[in-house]
Amino acid sequence: MKLVFAGTPEVAVPALDALIASGRHEVAAVVTRPDAPAGRGRRLVASPVAERAEEAGIEVLKPARPRDEDFLARLREIAPDCCPVVAYGALLPKAALDIPAKGWVNLHFSLLPAWRGAAPVQHAVMSGDEVTGASTFLIEEGLDSGPVYGVLTEEVRPTDTSGDLLTRLAFAGSGLLAATMDGIEDGTLHAVPQPADGVTLAPKITVEDAQVQWSAPALRVDRVIRGCTPAPGAWTLFRGERLKLVQATHAVDRSELAPGELSVGKNNVFVGTGSHAVELLWVQPQGKKPMRAADWARGVRIAAGELVGS
């Protein structure tokens, strides 16, 4: 088939690579989000998918909005058979959905109908799911509601951050997307409607969502920290400034601390929760690089009984 691939961040690159490497289909063009400011200089930078496509000599389309008529006209000229999608980052209008004969097929990082939305992996980690996965489905105008072509499962490990899990799913899912394209092309794969039961939503995690509530049990605190790593980054307040919480672990033998109360040893920093304590391993003070929590604690000279949190 002639394909137009749509995707933007680094997590979409493995799928693009898999489609290029398969040799069975032609990736005629790539659709990605426009260049965005990045770094201290706020210089405009192309998306990881755009960079990879340019390296491979593939045409790159960067519409400000996918409903722009210039973009739609170019898509009609290319006349793709199918448009595989991974984390493109914009809603596709019906005018675009109608162009490829076999539709737009999305690789979504959950076992649909669970976790429909922008942040399925973060919500899976924060909710304590033991198993998640990826699904390929035919995009329709509803939110991740289209019929499903294929799925794979992936264990959520006890120490997984959302970044760890998403990386594994990106590489495993790249093979699923390539296989889905093959099955659509040869007619052996047919999409199955999603069940009406079991629908859960995974909206984007905001900075406010990522603030740790120390009155919650340690298990919940740990899930929030892991689920919000690397983005948007779990945080708390310390002396009126944000302190990012990069890595922590359970300290089940420490239950005497009040929620938010700090206890500092020679090489350890503990914080009380609604159950037992957690040990902070890595933190990032405002305006500084990540550092070991023990080094941070020595530098700020924490007083006995001092608290984190609002």
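Taken together, the values in this text are just the output of simple stated rules run on the coordinates, not laboratory data. Here the structure is a predicted model, which is why all the values come from computation and not from measurement.
Region 55-199: D in µm²/s via Stokes-Einstein (Kirkwood Rh, Cα pairs, 25 °C, 0.890 mPa s)?
Approximately 151 µm²/s, per Stokes-Einstein.
How large is Rg over Rh for the chain, taking Rg from the Cα atoms and Rh as the Kirkwood inverse mean of 1/r across Cα pairs? Kindly include the intermediate steps, with their values, before the conclusion.
Working: Rg = 22.3 Å, Rh = 21.2 Å.
Here Rg/Rh amounts to 1.05.
Quick one: among THR153, THR32, THR136, which has the greatest mean-square fluctuation in a GNM of the chain with alpha-carbon springs under 10 angstrom?
THR153
Quick check: the distance between the Cα centres of region 1-69 and region 193-223, to the nearest angstrom?
Here the answer is 30 Å between Cα centres.
What per residue convex hull volume, in Å³, do the alpha-carbon atoms of region 1-119 yield?
116
Can you tell me the 0 to 90 degree angle between the C-alpha axis of helix 69-78 and the longest principal axis of the chain, rounded to 10?
Roughly 60 degrees between the two axes.
Taking the square root of 5 times each eigenvalue of the Cα gyration tensor, what semi-axes in Å does the equivalent ellipsoid of region 133-281 have, largest first?
Computed over region 133-281, the values are 41, 15, 13 Å.
Hey, which lysines would be in cross-link range of LYS102, C-alpha to C-alpha under 21 Å, not counting anything within fewer than 8 residues on its own chain?
LYS2, LYS94
Kindly work out what percent of the DSSP beta bridges joining two residues of the chain are antiparallel, to the nearest 5.
Values: 36 of 52 bridges.
Roughly 70 percent of the DSSP beta bridges within the chain come out antiparallel.
Over all directions, average the projected area of the Cα convex hull of region 77-162 and note it in nm².
5.9
Specify the angular offset, from 0 to 90 degrees and rounded to the nearest 10, of the alpha carbon long axis of helix 13-22 from the longest principal axis of the alpha carbons in the chain.
Helix 13-22 sits at roughly 30 degrees to that axis.
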